[in-house]
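Q: Before I ask anything, let me first share the structure, which is written out below as structure tokens.
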Amino acid sequence: MKTIKTMLFIFLSCLTLTLQAQKIGLVLDSYVSDRWYLDKKLIAEKIKALGGECIVEVANGDAAEQVNLSKKLIKQGVKVLIVVAVDAVKSAEIVAIAKEAHVPVISYDRLIMSNDIALYISYNNTKVGELQAQYMLDRFPTGKYVLLNGPVSDNNAVQIRNGQMKVLQPSISNGKIKLLADFILSEWGEIEALMKMDEFFSSSEEKPEVVIAANDALADGTIQALPPDLDRKIAMTGQDADLSAVRYIISGKQTMTIYKPIKPLAYMAAELAFKLAKGGDAVGKTKFQSGSISVDAIFLDPIVVNKANYNETVVKDGHVKASELILRQN
Ligand code: GAL
């Protein structure tokens with residue numbers, strides 16, 4: 001009788017555990033680009049569809065706060081953490097704390113400098129930089145360029161710049177391209193870009209034909225800083241296919257952006273997190289190495305978007321709505 005009771009107890013406990021929604025924590029950096037709203041929405045909806053519960057926290061660009069929020073989520077009983085690192089190095093502390101609590105960490109979109117992450121999933125970020133630079137080099141094989149890149153605390157920014165330089169360096173070395181400025185900002189947002197570029201335009205005698213801005217927010221800041229006589233006169237890159245950037249592309253203020261389809265990445269993160277939460281493995285497709293870091297990784301391909309193809313790319317995918325593009329002229 002006692003054995004039957006014990007077995008029943010074990011069975012019921014297991015059943016409760018299975019029926020209980022698996023909690024998965026998502027810790028974002030900030031909402032500096034439109035894309036992060038979408039990442040959050042898609043990850044949460046997929047986890048819910050799988051029968052889990054996604055608890056979201058946002059660090060607002062504060063690396064120490066991101067550690068605290070991660071601790072809080074672990075205390076709340078999350079089985080897995082998906083982290084968009086504010087700072088590649090400082091976020092390694094999150095992984096160490098999570099490891100103690102047996103909570104696997106997925107390094108989402110940005111690399112966390114720790115060999116203990118379960119998986120790093122992102123886009124090919126070097127390719128992002130190569131595509132931006134190649135687009136401009138094909139159209140302006142000679143001329144004056146400005147580079148405007150994101151913070152080195154985000155490993156993506158480093159990889160993107162490496163990709164740009166891989167393409168541009170030969171032309172810089174042989175003098176065909178003159179780099180008027182090579183800015184590396186401390187944030188991804190438009191304000192610092194606006195201030196830097198405003199200062200640049202008012203102090204530089206020479207004007208660039210090309211600004212390679214690493215993402216759409218940096219391009220936006222540059223557009224806002226442009227003196228009126230340079231409006232639509234400078235070719236400009238971007239990244240993220242933010243709604244405002246696609247509008248700028250249509251109106252000729254920005255030349256191109258790099259579109260990184262969010263859905264496949266977000267759904268993959270949700271599915272892998274769910275699998276890990278249930279005790280399974282998350283296996284990468286490749287090994288990613290950076291210095292002493294060697295981790296399992298999966299990379300998706302970025303896509304060039306310009307005036308000629310925005311309809312069959314970002315509109316077709318529902319990344320931006322056609323109706324939102326005709327509402328406002330800028
Ligand atoms: C980068 C990411 C970009 C952009 C930027 C600003 O890490 O690769 O897509 O969103 O952050 O948040």
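Q: Would you point out the residue of region 149-166, among those that are within 16 Å of the ligand (Cβ to nearest atom) and either free of Cβ contacts under 8 Å to residues at least 12 places away in the same chain or among the charged types (D, E, K, R) (or both), that is least open to solvent (accessible area, probe 1.4 Å)?
A: The extreme case among them is Asp154.
So that you can scan it fast, the table gives a plain yes or no per residue for (1) out of contact with any Pro (no Cβ under 9 Å at 6 or more places or on another chain); (2) more than 13 Å from the ligand (Cβ to nearest atom); (3) under 30 Å from Lys233 (Cβ atoms):
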position: Ile106; (1), (2), (3): yes, yes, no
position: Leu111; (1), (2), (3): yes, no, no
position: Lys144; (1), (2), (3): no, yes, yes
position: Leu147; (1), (2), (3): yes, yes, yes
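Q: Sticking with this one: Using the structure shown, decide if Ile191 is closer than 30 Å to Glu100 by Cα and either open to solvent by 10 Å² or more (accessible area, probe 1.4 Å) or assigned to a strand (DSSP E or B) (or both).
A: Criteria not met by Ile191.
Q: Of all residues in region 223-236, which are assigned to a helix (DSSP H, G or I) and over 27 Å from the mean Cα position of the chain (by Cα)?
A: Pro228, Asp229, Leu230
Q: Looking only at region 8-39, filter to residues that are within 16 Å of the ligand (Cβ to nearest atom) and among the polar types (S, T, N, Q); which one of those is modelled with the lowest pLDDT?
A: Of everything passing the filter in region 8-39, Ser33 is modelled with the lowest pLDDT.
Q: Among the residues of region 88-117, count how many are among the aliphatic types (A, V, I, L, M) and within 16 Å of Ser290 (Cα to Cα).
A: Here the count works out to 7.
Q: Now, a different point. Identify, from the list Ile106, Ile97, Ile112, the residue that is assigned to a strand (DSSP E or B) and touching a residue at least 12 places away in the same chain (Cβ under 8 Å).
A: Ile106
Q: Sort out which residues of region 39-53 are open to solvent by less than 50 Å² (accessible area, probe 1.4 Å) and closer than 23 Å to Tyr259 by Cα, and write them in order of number.
A: Within region 39-53, Asp39, Leu42, Ile43, Ala44, Lys46 qualify.
Results for (1) away from the ligand (no atom under 13 Å from the Cβ); (2) assigned to a loop (DSSP other than H, G, I, E, B); (3) surrounded by fewer than 24 Cβ atoms within 10 Å (Cβ to Cβ), shown as yes or no for each residue.
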| residue | (1), (2), (3) |
| --- | --- |
| Ser171 | yes, no, yes |
| Lys178 | yes, no, yes |
| Ile212 | yes, no, no |
| Gly221 | no, no, yes |
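Q: Now a separate question. Spot the failing condition for Ser91; the list is (1) within 16 Å of the ligand (Cβ to nearest atom); (2) among the small types (Gly, Ala, Ser); (3) open to solvent by 30 Å² or more (accessible area, probe 1.4 Å), and only one is missed.
A: Only one criterion is unmet by Ser91, namely (3).
Q: Suppose we filter region 302-322 for residues that are closer than 17 Å to Met136 by Cβ and in contact (Cβ under 8 Å) with a residue 24 or more places away in the chain; how many remain?
A: 6
The values are calculated or read from the model by the stated rules, or taken from the named source; none is laboratory data. Here the structure is a predicted model, which means the values were calculated and not measured. Neighbour counts are summed over all protein chains in view; Cβ atoms, including those assigned to glycine, are modelled from backbone coordinates with ideal geometry. Quick note on the areas: whole protein, heavy atoms, side chains included, nothing else; ligands and nucleic acids left out. Shrake-Rupley method; radii C 1.70, N 1.55, O 1.52, S 1.80 Å.
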